[in-house]
Amino acid sequence: MANTKSAAKNARKAVKRHLVRVTVKSELRTLRKKALTAAESKKPAEEIANATKEVCSKYAKAASNNYIHPKTAARKISRIMKAVNKLQN
């Protein structure tokens, strides 16, 4: 338990930040699955491109806002692109 007002406030802030991070990470997983599913089910190329573009954009934004590490975002984007390209050919 917090001993000072500032410690209590920092604890409240930590809870809010945790909720945002969990939400963002959940959304990233969902978008990744959506892009890979679109590529696997041979949907139109435009739909696959839109899904891939969206997930790459969200990963980059999450990295820039420090929700995930920038190198983690780069690795995930690279793997998504590699998988989508492999499934399209």
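Every listed requirement among (1) within 10 Å of the chain's Cα centre (by Cα); (2) surrounded by 14 or more Cβ atoms within 10 Å (Cβ to Cβ); (3) of a type outside the set (Gly, Ala, Ser) is met by LEU36 save one, (1). Can we say ALA62 is in contact with a helix residue (DSSP H, G or I) (Cβ under 7 Å, 6 or more places away or on another chain) and either closer than 16 Å to MET81 by Cα or modelled with pLDDT of 95 or more (or both)? The answer is yes for ALA62.
Look at (1) closer than 24 Å to ASN85 by Cα; (2) in contact with a Phe, Trp or Tyr (Cβ under 8 Å, 6 or more places away or on another chain); (3) not charged (D, E, K, R) and you find that ILE68 fails only one, number (1).
Scanning segment 13-28 for residues that are surrounded by 11 or more Cβ atoms within 10 Å (Cβ to Cβ) and either at pLDDT below 95 or not aliphatic (A, V, I, L, M) (or both) returns ARG17, ARG21, THR23, LYS25, GLU27. Applying the criterion of at least 2 residues that are touching a residue at least 24 places away in the same chain (Cβ under 8 Å) and among the charged types (D, E, K, R) to the helices (runs of 4 or more DSSP H) found wholly in segment 3-89 leaves 5-40.
Of the conditions (1) at pLDDT 95 or above; (2) exposed (fewer than 12 other Cβ atoms within 10 Å of the Cβ), VAL55 fails just one. Which one is it? So VAL55 meets the others, but not (2).
The values are calculated or read from the model by the stated rules, or taken from the named source; none is laboratory data. Treat the numbers as computed from the prediction; the structure is a model and nothing was measured. Here Cβ is always computed from backbone atoms with ideal geometry, including for glycine, and neighbour counts include all displayed protein chains.
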